[in-house]
1. Given the options 144, 115, 198, which has the most mean-square fluctuation in a GNM of the chain, springs set between C-alpha atoms less than 10 angstrom apart?
2. Only Lys, Arg, Asp and Glu count, each charged at its Cβ (+1, +1, -1, -1), so figure out the dipole size of region 133-304 about its Cα centre, rounded to 20 debye.
3. Starting from the Cα of residue 293, step 7 Å along the direction of its Cβ; do the same at residue 163; then give the gap between the two resulting points in nm.
4. May I ask for the Kirkwood hydrodynamic radius of the chain, worked out over all distinct Cα pairs and given in angstroms to one decimal?
5. If you put +1 on each Lys and Arg Cβ and -1 on each Asp and Glu Cβ, how big is the dipole of region 3-105 around its Cα centre, in Debye rounded to 20?
6. Quick check on region 133-304: what does the Kirkwood estimate of hydrodynamic radius come out to from the alpha carbon pairs, in Å?
7. Scanning the chain for GluC sites (Glu not before Pro) in DSSP loops with at most 15 other Cβ atoms within 10 Å, what's the longest stretch left with none?
8. Determine the percent antiparallel among the DSSP beta bridges restricted to the chain, to the nearest 5.
Amino acid sequence: MMTEDVLILAIESSCDETAAAVVRNGREVLSNVISSQIALHTLYGGVVPEIASRKHIEKINQVIEEALSEAKVTLDDITAIAVTYGPGLVGALLVGVAEAKAISFARKLPLVGVHHIEGHISANYIENPELKPPFASLVVSGGHTHLVIVKDYGEYEIIGRTRDDAVGEAFDKVARAIGLGYPGGPKIDKAAKTGDIHAIEFPRASIDGSEYDFSFSGVKSAVLNYINSCAMKGIVVSESEQMVSDVAASFQAAAIEVLVDRAIKATKAYGMDSLAIAGGVASNSYLRSEMSKACEAEGIKLYYPAPVFCTDNAAMIGVAAYYEYIKGVRHGLDLNAVPNLKLGER
């Protein structure tokens, strides 16, 4: 049993946010600094990996210094260094991993590599001290759509996943198609508030023999087909604010109905009384509302992080790293970026 405080300096650079945080004892965030590149990548309609990597190199020392300053600590107070080493963009990951290894070597501090998705799930621990495994988790982001049983800290069983597009990727592509631009998730969420969810009936995909798996390519294609059919009649969807809102609302309703249905079904089937949602799409207001209603109806406790902890951040990496650290997980200076790292792999 640990009696001294464990202070972890965490680094996250898996995509287009350069982030650093200091986390005490796995639950208390002393600082959480994020340098976002959204404005830069908006010019290109999505993340450009080479630009992301260069920006990480420019910003990483700055965000680490800021995180230490905000937490009112120095590297002398830090117990261990944590870093995301996968999955993600390989160039972006390498910047964070190289920085973490350099600090670990120079200061003789233990190094803990963290799985990015494990970080997203662990974000739920920050504001919910009562949340402990086992529980079910729905991970929804631009790169992942997973249904996971969290058996213990650091122990996961994936019971469902997307067969094609991640739900966040579908949001981005639909947003681009209706003229909303990047990043698609928040823009569709906002536009949908003034739209009619029943304006267009988009499909809800199910997969034979895989009741917990997802598919979002069909609903995305249905939206594109609808836009094209309107164009053939001389109607440009992107030029009508009401049509944009209706398409956004109808698409969002279709995608989220499937997420809610699968998550509730899995939580009940596996005998769990708690469900945590995680990842960038977990900040979607319609998903939170619909999932809250469904969980209340089924007597399931629902958890989700504050929006700042839903998107990529280092605080969640520090939380996940704490539980790895106290289990004795350590990585050497041969730690490398693993862009396609699977959840549960070491």
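1. Looking only at 144, 115, 198, the biggest GNM fluctuation is shown by 198.
2. 240
3. Computed distance between label sites residue 293 and residue 163 equals 2.8 nm.
4. Taking the inverse mean of 1/r over all distinct Cα pairs, the chain comes out at 20.6 Å.
5. 240
6. 16.3
7. 212-344
8. Around 60 percent antiparallel, to the nearest 5.
A short reminder: the numbers here are calculations on the coordinates, not readings from a lab. This structure is a prediction, so every number in the text was calculated from the model and none was measured. Using ideal geometry, Cβ is built from the backbone for each residue, glycine included, and neighbour counts are taken over all protein chains shown.
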